[in-house]
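Worksheet: one structure, shown below.
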Number of protein chains: 2
Amino acid sequence: MQRPTIKTIAQETGLSIATVSKALKHSPQVRPETRAIVVAAAERVGYELNMHGVQLRTGKTYQVAAIMTAPGPKQKEWEGVEYAQLLSGISWALEESPYRVSLYAVRSFEESVAVIRQIVSLKKADGIIVSGTRADDPRVRLMQEADFPFVTYGTTIHNDPHAFVDADNEQMIRHSVARLAERGHRRIALVNPQPELSYSITRLDAYRRALEVAGLPFDPALVSHGRLTPAFGRESVLAMSDFTDPPTAYICANEASALGAFSGFHARGLVHGRDAVINATDDLNVSQYFAPPITTYFLPIHEPSELLGSYILRRMEGEPPEALQALIMPKLIERSDDRVTPKA
Amino acid sequence: MQRPTIKTIAQETGLSIATVSKALKHSPQVRPETRAIVVAAAERVGYELNMHGVQLRTGKTYQVAAIMTAPGPKQKEWEGVEYAQLLSGISWALEESPYRVSLYAVRSFEESVAVIRQIVSLKKADGIIVSGTRADDPRVRLMQEADFPFVTYGTTIHNDPHAFVDADNEQMIRHSVARLAERGHRRIALVNPQPELSYSITRLDAYRRALEVAGLPFDPALVSHGRLTPAFGRESVLAMSDFTDPPTAYICANEASALGAFSGFHARGLVHGRDAVINATDDLNVSQYFAPPITTYFLPIHEPSELLGSYILRRMEGEPPEALQALIMPKLIERSDDRVTPKA
DNA sequence: TATCAAAATAAAAACGTTTAACACGATTTG
DNA sequence: CAAATCGTGTTAAACGTTTTTATTTTGATA
């Protein structure tokens, strides 16, 4: 038995395939009674639309490309694990639509540019979701010039307006610094992502401004930049805790670097809450299991990821990008007092 | 300017589209010189194969469906994070092929059965990669009955032979128990995945056998089953450490539950290496950053994931499943002595 | 009842590819 | 030397859909 097509239904009903096609897509050109007959026949024979036919005819792919920049296989560090949740959130948001998530794993920023160029010029997808945005992101420009629908996870700074979803890093860092300053901290370290990333700049900016408000001096030595692995968090602590005037607080950009910072504490014999504290941003709520649990700004990753999915759908339907922008403020979860007793 | 097709090349060269098509796919029916001409023309006009045409004509989708069972969005636990690396590994293995990874995120086992049934009957993909196998897995039977190419991440116990990739849980647990017994442990806990999963059974079996070899009694109270979240690892420790004769070693099934176990230690005031130790299986090499670092059986996840990718390719080319089976032995990384000083 | 516009349906072409069937000259074979 | 075979290319049909254009049917009006 072959899979039924509109031809099958046409024979079944005595109508032409044109009428069947129109009836199934609710064209006003076909009479309600006729549609009813067609739908009934479709039901009866178990008809399912064959996407390959419509793809060839219409040129639409019904694919949303998710660009996932993950370190190469050599890399054995804990990095980018939040992608799993991100992808499933996107996938769920597309569930009711005919669109599917198509995965493009790339190893570097350059490769992501190339892949996006290919997707755009060869129309390998109808929309793109991309993360790891830079201050001036060439990929954003590329897609804008081609008028290709896309949503970024992360803001840009110098690009024209586009659809995006991001955590409100600005507000989060200002709040975080102010809160720590209130608790008596005068040396606050910022463990920041790679400097070329847009949110790295946003965080650094907010950090400097917040220090100023709190009347604290800015010391560039208290800011580290790097790929957000545990190794990086650890190194940051190892380096900074050797200063003659070491930090008493570390603001980590994610849970991986926070875990690494803990490892640095352990290596240096530092005790959390006595010598220094760690605060973090947390997507996966894992820092509640650290020993001791730490204070975090928690943004459950399913929120931005489902937003990404619904935004790309709306964008592909032609909605203007200005209407599709979200900054989400993570929720403060205080698991520690975060005061340190000044050494005598 | 329209995108060039084989028609363009045909006009360009004066050949027929049939010859062009054959030339481009290295058919022996076309003379090398003719092929050279075609290839040159294709190059010149910037021809790229349009997949929609071939999909419609051949019925092939050039999609590999990756079924990802992830907890629903409500779920705020650290779980399934290794999927990110798994997916990128698969994606990389398919890179040189025309196949793409298409993501199907599902929330439950039942949903995964339904999704697979749909993919198979509607030919929405050419191959399937599925994980979280059960002892007798209905999805495996489904795909086998339909003669649909697939590879599982994880073994089955009661199903007919099929392509799979897995860690060698049997050998790993036996080794782990023996090693701990050698070091004087007499109460060894097994923190195991959900009991219906195939590898849960394999691990439990190996555990019992290894205890027997070591001359230690089997105590069912020392085995816990659950979803491998930090919460579960924590609960396991909280419960078992209250026993009158508590375990001195915990064998955790992944890094998430190991982290949770640490959290349990902290809550109970247990010190790692003094009161008890934690061993784990680690995909992401994150346990080196625990404080203190623990002994793990490390299987870098890119190994099985790239194997999954190449296996599904070979399976789709018709290679028999018996040739596509791999059990990988994780590498022991001893980061701790793992002896505990018996209390006086 | 004849006419005509509007409504409903049908016919046909097109999207880009693969492939079975065929054609035709050159080469081998009995 | 005629017949069969081979090598290389062409023709034409097909995959399932959408959409433009053409045709028929319907219902209203004169």
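The values are calculated or read from the model by the stated rules, or taken from the named source; none is laboratory data. Everything quoted here is computed from the prediction, not taken from an experiment. Cβ sites come from the backbone with ideal geometry, for glycine too, and all protein chains shown count toward neighbours. Note: areas computed on protein heavy atoms with side chains; ligands, DNA, RNA excluded. Shrake-Rupley method; radii C 1.70, N 1.55, O 1.52, S 1.80 Å.
For the reader, a short list of remarks on this structure follows.
- Low-density loop positions, trypsin sites (Lys or Arg not before Pro), segment A:5-37 - DSSP coil, at most 14 other Cβ in 10 Å: A:25
- Using C-alpha pairs below 8 Å separated by at least 6 residues, the relative contact order for segment B:209-344 is 20 percent.
- Accessible surface buried upon A-B contact (total; probe 1.4 Å; Å², nearest 100): 4800 Å²
- Neighbouring Cβ atoms from other chains, within 10 Å of the Cβ of residues in A:285-296, number 5 on average.
- Between the exposed loop cleavage positions of chain A, defined as GluC sites (Glu not before Pro) in a non-H, G, I, E, B DSSP state with at most 16 neighbouring beta-carbon atoms within 10 angstrom, the longest gap is A:197-316.
- Solvent-accessible area per residue for chain B (1.4 angstrom probe, square angstrom): 43 Å²
- Share of Cα-Cα pairs in segment A:209-256 lying beyond 14 Å, as whole percent: 54 percent
- Those trypsin sites (Lys or Arg not before Pro) in segment B:231-316 that DSSP places in a loop and that have at most 15 other beta carbons within 10 Å: B:274
- Accessible surface of residue A:307, taken over heavy atoms with a 1.4 Å probe and every protein chain present, rounds to 50 Å².
- Prolate/oblate/rounded call for segment B:60-128, Cα gyration tensor, a/c under 1.5 rounded: oblate
- Among the lysines of chain B, pairs at least eight places apart or on separate chains and with Cα atoms under 27 Å apart come to 11.
- Burial of accessible area (probe 1.4 Å, heavy atoms of protein chains only) in segment B:246-284, relative to its chain alone, reaches at least 20 Å² for B:259, B:263, B:266, B:284.
- Axis angle, to the nearest 10 degrees, between helix A:230-240 and the longest C-alpha principal axis of chain A: 20 degrees.
- Qualifying trypsin sites (Lys or Arg not before Pro) in segment B:73-108, DSSP loop, other Cβ atoms within 10 Å at most 12: B:74
- For chain A, the direction-averaged projected area of the alpha-carbon convex hull comes to 21.8 nm².
- Fraction of alpha-carbon pairs over 16 Å apart in segment A:6-49 - percent: 19 percent
- Of the three principal axes defined by the Cα atoms of segment A:111-256, the extents in descending order read 57, 30, 21 Å.
- Take each residue in A:298-311, count the other chain C-beta atoms within 10 Å of its C-beta, and the mean is 1.
- In segment B:240-344, the DSSP beta bridges split such that about 25 percent are antiparallel, to the nearest 5.
- Of the solvent-accessible surface of the protein assembly as shown, computed with a 1.4 Å probe over protein heavy atoms with every protein chain present, carbon and sulfur atoms account for 52 percent.
- Across segment A:116-242, C-alpha contacts under 8 Å between residues 6 or more apart give a mean separation that, scaled by the residue count, equals a relative contact order of 21 percent.
- Of all DSSP beta bridges in chain B, antiparallel share, percent nearest 5: 10 percent
- A cut-off of 5 Å between modelled amide H atoms, ignoring neighbours fewer than 5 places along the same chain, links residue A:106 with A:68, A:69, A:70.
- Placing dummy labels 7 Å off each Cα toward the beta-carbon, the span from residue B:18 to residue B:48 is 3.0 nm.
- Principal-axis tilt of helix B:255-268 within chain B, Cα atoms, nearest 10 degrees: 20 degrees
- Shown here: the protein assembly as shown, whose C-alpha atoms stretch 88, 66, 60 Å along the first, second and third principal axes, sorted largest to smallest.
- Per the Debye calculation on segment B:258-305 with a single equal scatterer at every Cα and no solvent contribution, log₁₀ I(q)/I(0) for q = 0.13, 0.16, 0.27 Å⁻¹ amounts to -0.32, -0.45, -0.99.
- Fraction of beta bridges assigned by DSSP in the protein assembly as shown that are antiparallel (%, nearest 5): 15 percent
- Among the residues of B:133-144, the average count of other protein chain beta-carbon atoms within 10 Å of the residue beta-carbon is 0.
- Residues of segment A:86-115 whose accessible area (probe 1.4 Å, heavy atoms of protein chains only) drops by at least 20 Å² once all protein chains are present, relative to their chain alone: A:87, A:88, A:91, A:92, A:95, A:100, A:101, A:102, A:103, A:104, A:105, A:107.
- Cα-based Rg of segment B:1-140 normalised by 2.2 N^0.38 Å, two decimals: 1.46
- Evaluated over segment B:192-344, the Cα radius of gyration and Dmax, each in Å: 17.5, 64
- Look at the alpha carbon pairs under 8 Å that are at least 6 residues apart: their mean separation over the length of chain B gives a relative contact order of 17 percent.
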